[in-house]
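Note sheet for the following structure.
The values are calculated or read from the model by the stated rules, or taken from the named source; none is laboratory data. Everything quoted here is computed from the prediction, not taken from an experiment. Here Cβ is always computed from backbone atoms with ideal geometry, including for glycine, and neighbour counts include all displayed protein chains.
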Amino acid sequence: MIYLDSAASSPLAPEARAAMLEVLGGPPGNPGAAHELGRQAKRTVSAAREQVADLMRVGTGAVLFTSCATEANNLALSESFLTADRRRIVTLATEHASVAQAAAALSSRGADLWVVPVTNQGQPEPEALAEAINDQTAVVSIQAANNETGVMPDMALISELAHDAGAVLHADASQLMAWGDADRIALCDLITVSSHKMYGPQGAAALIASRRLQSQLQPVLVGGGQEQGLRSGTENVAAIAGFGAAAQLAKTSGAAASSLVAALRDQLLAAMVASGISVRDHAAGTVRLPNILSLGLPLGLDGEVVLAHTPSVAASTGSACNAGTPEPSPVLKSMGLSEAEAEATLRLSLSRFTTEHDVDQAARALTATMRSLMTSIEPTQLHQEESLTI
Ligand code: PLP
C-alpha cells in the first residue's frame, strides 16, 4: 500500500523505533521511582527533553511532555490568561478541532472568542486579523501550519501584532516541526509539538512554555505532579524516547528532507495534471508545508468514494478527526469552497520516506479510479472548466 497519509500519522523513523525498542526491551522503571531503575527511566526522559529542547531552541525547563497535541493545545488555552481587561481569545477559522474546541470552551466560560476568517488561499484575512488583536486580547492561538492544506500563516507578523498588543501567542506547530523549521515560530510564547507528525510514535507530544507562562497554565490532569505539576501521570517513557529521537532527526535533517519532499509533491501534482483530469491545488501560490497536497477533483466526484475504490493508496479527504463524518471539511469551506467542492477533495500527504515510485504509482492508481468513476457521472455534473494549477 502506498502511504500518503503522513499528516494523520507519519511513518515511524528507524531512529525513533530504535530508541523505543531500547526502552521496551530494557528493565522496568517508573521515572518517579527512587531506585536505580527509576533513575534510569528518568534519565531517558531527560535525554529526550534535551533533544526536543534542542529542536525548539529553548531550555529544557520549557518542555512539558503531554500525551498528544490535543492535550498540549488544551493546556495552552488556559483560562487564567483572561483578566478583567483582557477577555478576548483570537483563533483562525482553519484551526484544528483541538484548538477550536478548547477556545469554544473558554468562550462558554466568558471569553470573547474572535475567529479570524481566511482568504481563499487559507491565509488569515489581514484586516480581520489586525482588528481582532488589540489591548483587550488575552491570547492569540494560530496554527503554524494547517493539517489539511499545509498553509502556513506568517507567524513573524502575527507575533508582532500579538506582542505589540501585549497578548500571549500560542502556535500549534504539530504539522511543522518534522521539517525542523524552528525559525518560523521562534517568537511564539507557547508552542505545541507532536511526535507522531514528525516520524516519532503516537502517545507523546509537548507544549513549549517559558517558566513565567507555566505559572499561569492550568493542568488538564492533576495528580502526582509530574511535568512541573502541569501534566500529572506517569510518563510514557518509550514514546518520549522515540519522540526525542524524532526531534533530533528533524533538527539534523528536517530542512534537507523538506526540499526533497516538496519536489515529490510537485511531481505528484504534475502527474495528476498530465493525466488530463481537471484537478486543482487548493493551496497553490501560498506559503505552505512541503508534504501536503489538498487536491480538488472534478465536481461530482467524491473524495471518499475515490479512495474507497483505490485500495492501493492510503490517503484522506481531510483531517483524520473529521473522517467518517458526513460533514464536508470546515477548513475548505472557510476557504470559500462549496460543499460539493469540499467533497470533491483529496488530502495527499507525503513523508520523508515517500519515493518517486510511490508518487507515480499513486497518481496512476488514483487517476484510473477517477476515470472509471467519471464514466458513470453525467457529463453536466462534471466540472471541467477549472484551470489546472501547478
Ligand atoms: N493540531 C494539528 C495541526 C493536527 O494536525 C493534529 C492532528 O491531526 C492535532 C493538533 C491533534 O493531534 P493528536 O490527535 O495527536 O492529539
Is one or more of the residues making up region 21-40 surrounded by 15 or more Cβ atoms within 10 Å (Cβ to Cβ) and basic (Lys, Arg)? no
Any pair with Cβ under 8 angstrom, 6 or more apart, that starts in region 55-71 at a residue that is among the basic types (Lys, Arg) and ends at one that is away from the ligand (no atom under 16 Å from the Cβ): Arg57/Ala182; Arg57/Ala186
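Does Leu129 qualify as being closer than 26 Å to Leu332 by Cβ, hydrophobic (A, V, I, L, M, F, W, C) and more than 16 Å from the ligand (Cβ to nearest atom)? Reasoning before the result, please.
Details: closer than 26 Å to Leu332 by Cβ: yes; hydrophobic (A, V, I, L, M, F, W, C): yes; more than 16 Å from the ligand (Cβ to nearest atom): yes.
When the stated conditions are applied, Leu129 passes them.
Could you run through region 198-215 and say how many residues are at pLDDT 95 or above, away from the ligand (no atom under 16 Å from the Cβ) and either more than 15 Å from Leu64 (Cβ to Cβ) or surrounded by fewer than 23 Cβ atoms within 10 Å (Cβ to Cβ) (or both)? First the steps, then the outcome.
First, pick out the residues of region 198-215 that are at pLDDT 95 or above: 198-209, 213-215.
Subset that is away from the ligand (no atom under 16 Å from the Cβ): 209, 213-215.
Subset that is either more than 15 Å from Leu64 (Cβ to Cβ) or surrounded by fewer than 23 Cβ atoms within 10 Å (Cβ to Cβ) (or both): 213-215.
Result for region 198-215: 3.
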Name the helices (runs of 4 or more DSSP H) wholly within region 244-347 that hold at least 3 residues that are in contact (Cβ under 8 Å) with a residue 24 or more places away in the chain and away from the ligand (no atom under 16 Å from the Cβ)? 303-308, 339-343
Which condition does Thr119 not pass, out of (1) β-branched (Val, Ile, Thr); (2) in contact with a helix residue (DSSP H, G or I) (Cβ under 7 Å, 6 or more places away or on another chain); (3) surrounded by fewer than 21 Cβ atoms within 10 Å (Cβ to Cβ); (4) more than 22 Å from Gln214 (Cβ to Cβ), if it passes all the others? (2)
In region 105-140, how many residues are without any contact (Cβ under 8 Å) to a residue 60 or more places away in the chain and under 20 Å from Ser159 (Cβ atoms)? 19
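Would you pick out the residues in region 57-80 that are more than 16 Å from the ligand (Cβ to nearest atom), of a type outside the set (Val, Ile, Thr) and modelled with pLDDT of 95 or more? Don't jump to the end; show me each part of the working.
Initial filter on region 57-80 (more than 16 Å from the ligand (Cβ to nearest atom)): 57-63, 78-80.
Checking the rest, the ones that are also of a type outside the set (Val, Ile, Thr) come to 57, 59, 61-62, 78-80.
Listed by number, the residues that qualify are Arg57, Gly59, Gly61, Ala62.
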Output the number of the condition that Ala41 fails; it satisfies all remaining conditions of (1) more than 16 Å from the ligand (Cβ to nearest atom); (2) under 23 Å from the mean Cα position of the chain (by Cα); (3) not β-branched (Val, Ile, Thr). (2)
Subset of region 81-105 (residues that are closer than 14 Å to Ala167 by Cβ, of a type outside the set (S, T, N, Q) and away from the ligand (no atom under 15 Å from the Cβ)): Phe81, Leu82, Asp85, Arg86, Arg87, Arg88, Ile89, Val90
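Please specify each residue of region 183-197 satisfying the condition of being buried (at least 20 other Cβ atoms within 10 Å of the Cβ) and away from the ligand (no atom under 11 Å from the Cβ). Write out each step before concluding.
Initially, region 183-197 is screened for residues buried (at least 20 other Cβ atoms within 10 Å of the Cβ), giving 184-185, 188-197.
Correct list: Arg184, Ile185, Cys188, Asp189, Leu190, Ile191.
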